[in-house]
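Below: the structure, in structure tokens.
Throughout, read-outs are computed from the coordinates displayed, never taken from laboratory work. These numbers were taken from a predicted model, which means no experiment stands behind them. Counting neighbours? That spans all protein chains shown, and the Cβs are built from the backbone with ideal geometry, glycine included.
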Amino acid sequence: MPLTLRQRQIHLDFHTSPYILDVGVDFDARAFAQQMKHAHVNSVTVFAKCHHGQLYYDTSHPARHPGLKKGLDLTGEQVAALHAEGIRAPIYISVLLDEYAANTHPEWIARNEDGSNVGAKPLQAGWRVMDMTSPYQDCLAEQTAEVLARYKPVDGIFFDICMDILSLSKYAIAAMLKKGYNPENMDDRKRFAHEVTLAYMKRFYKLVKASAPKATVYFNSRPLTALPDDIQYLTHVEIEALPTGGWGYMYFPKNVRYARTFDKPYMGMTARFHKSWADFGGLKPFAALKYEVCQMLAHGAQCSIGDQLHPRGRLDEAAYDLIGSVYAYAEACEPWTQDAQPVTQIGLFMADVDPTAYREEPGGTNDGATRMLTQLKHQFDVVTAQSDLSAYELLILPDSVTVDETLAQKLRDFLAQGGSLLLSGRSGLGVDQQPVLPEMGVQVEGDSPYKTTYLRFGTAVGANVPKTDHVMYERGLRMLASEGAEVLAKVVEPYFDRNYQHFSSHAQTPPVKNASEYAAAVRCGNVITIAYPIFKAYGTHANLPYRLLVQNCIDLLMPHKLVDVTAPSTMEVTVMHKRGRKPATVVHLLQFVAERRTDVLDLVEDIVPVYNVPMSVRAGDAPSQVYLAPSGEMVDFEYADGCVNLIVPSVEGHQMVVIES
């Protein structure tokens, strides 16, 4: 996989109102580039066109920012100065947001079904969305061609705001009718919107590559579920994930595990802001930014930190002191992180999601599954039915994975090769709610009539579980074990469901004495089926017994865990393989705790060390040495029964343990 990205990047926004008229007056190109270099930055995405539709280079186009003094090529001076310091400089172009075009050509704005503008309402401060079936697309192509010609060959182009837009403008309706689509049909509108996006992505990708064959090209604001279609027009994958900006701390680790399966370079993008983009004066704590960057390193991703340049053109000194302190550490880690590849045992299927949504709402199945497996310190990728499944030991189909006959055959082949399956909820069921795979060893009698029931753990999955009936807050299925299958846990039903006709006390009705005939979890050979959407339940309720049930089921199906670390559940563990003259396994330990300090913000302010952490890593042969990185401190170890056993002296936020062959 050829590397086209650098590890320590800045994504520099510059969405500047035309009512601000002192644009770039304090800009000093040499000081700008030197400040980036001093902050250990080696790539900066600079701006040519912003969401206001303003242009920042020396052009005759009337959209050139009115506050930019005559003759100042702000884009070009940034590019030249950065190149002089050996810093890469891809260029930013806004796509669907262009306030200049919206004001001068309101007929180019995408339209809702009622004829209103897509985007900001008339009295709302915000962006209106352009329609790429209108002449706006050709206008954007002309601007892009000008940028490509002026700075040829560009290092790359970052196209931003590239969603599928459901528009009913006169242009969109005409184009739909021409293709035989019915504008009144929502499915046709969604299909058409996706085709429009793919068509302009293809057009602009070819435009960039014809001018600069080695340039990177990325179309941002796309749902990562669209990667199977989009990847042909992307040189790499960028995962925009500002934890305090609406993405949350689970968005990046959930999505990087999917993005990295496409065999293209990939990177994470956070920002230096306390909240989200353009949070001027908002500076996040050092611990938070270090956590976010180290999380990228631990997953083999390149790193990008977002910033927004002040209209006058001077970088914020405190922001780059912060960025520099984190990127100095990232640079010290590069010998062990650059080109490292993830080592995984589990393929976690992505549960069914809205393919048009840019960001999935937090707290659902995919969040719950990622949280659970991360807290259990398992090594896993996120996969779909199109993925290569052959390298995994265990596949998990959480809650709502649709299994058609094609996927069913892939799963049968996987089982025949010695793999194991863990399914939950409706995963693996057909339209008749019966198992598509007989190997599951279960029969289903429909939904439980009770919203809330109870889990009674059996001996095989009862380790470390308190001996009581544990509440299950989500409705499950009434499932029976087939002949020869083993019931691992049973369902205990309540006296009745709580409703206005009959209720008991303050919350759910308590359980009856005896377990029902229905199974909560069934094992049939190397397949375990759980009758509940247990991953959604964990993502929503965080009830520990749900995690214990999954943990104990995984132990039955995959007894030889790749890495075992005795540490708090908050510690994240990833395993990477570093090729080279001395091949090495690199284990990343991350101990940063995000605390909910407002009703919407999880914040990381402090790094609390953890000492004397026992760790065991499966290895084919005894290693030549084990040491900590980047410090180089040697660590005593024992090799026994195919495992490297050691004590990590301390984890102060992030620690790499290098096991050299």
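Overview of values
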quantity: Over 17 Å [Cα-Cα, segment 143-224], rounded percent; calculated: 53 percent
quantity: Shape category assigned to segment 346-557 from the gyration tensor of Cα positions, a/c cut at 1.5; calculated: prolate
quantity: Projected area averaged over orientations for the chain, convex hull of C-alpha atoms, nm²; calculated: 32.3 nm²
quantity: Check: the chain dipole with +1 on Lys, Arg Cβ and -1 on Asp, Glu Cβ, in debye; calculated: 600 debye
quantity: Total charge dipole magnitude, segment 346-557, about the Cα centre, Cβ charges on Lys, Arg, Asp, Glu only, Debye to nearest 20; calculated: 780 debye
quantity: Segment 564-660 - percent relative contact order, Cα under 8 Å, separation 6 or more; calculated: 32 percent
quantity: Spatial separation of Cα centroids for segment 174-206 and segment 214-232, in angstrom; calculated: 17 Å
quantity: Proximal aspartates and glutamates to LYS179, defined as alpha-carbon separation beneath 16 angstrom and excluding residues fewer than eight positions away on the same chain; calculated: ASP187, ASP188, GLU195
quantity: Whichever lysines have a C-alpha closer than 19 Å to that of LYS275, once near sequence neighbours (fewer than 8 apart) are set aside; calculated: LYS284, LYS290
quantity: Candidates per trypsin sites (Lys or Arg not before Pro) in segment 554-661, loop by DSSP, up to 12 other Cβ within 10 Å; calculated: ARG579, ARG581, ARG597
quantity: Fraction in percent of alpha-carbon pairs per bin - 10 Å, segment 564-660; calculated: 15, 46, 25, 10, 3
quantity: Degrees between helix 29-38 axis and first principal axis of the chain (Cα, 0 to 90, nearest 10); calculated: 20 degrees
quantity: For segment 8-338, alpha-carbon Rg relative to the globular expectation (2.2 N^0.38 Å, N residues); calculated: 0.98
quantity: Segment 346-557, relative contact order [Cα under 8 Å, separation at least 6], %; calculated: 24 percent
quantity: Mean Cα-pair separation over length for the chain, i.e. relative contact order, pairs under 8 Å, 6 or more apart, %; calculated: 11 percent
quantity: Whole-Hz couplings from phi, Karplus 6.51/-1.76/1.60, listed for segment 439-449; x for Gly and Pro; calculated: 4, 5, x, 9, 10, 10, 10, x, 5, 5, x
quantity: Anchor LYS209: lysines whose Cα lies under 20 Å away (excluding residues fewer than 8 positions away in-chain); calculated: LYS49, LYS152, LYS264
quantity: Rounded to 5, percent antiparallel among DSSP beta bridges of the chain; calculated: 60 percent
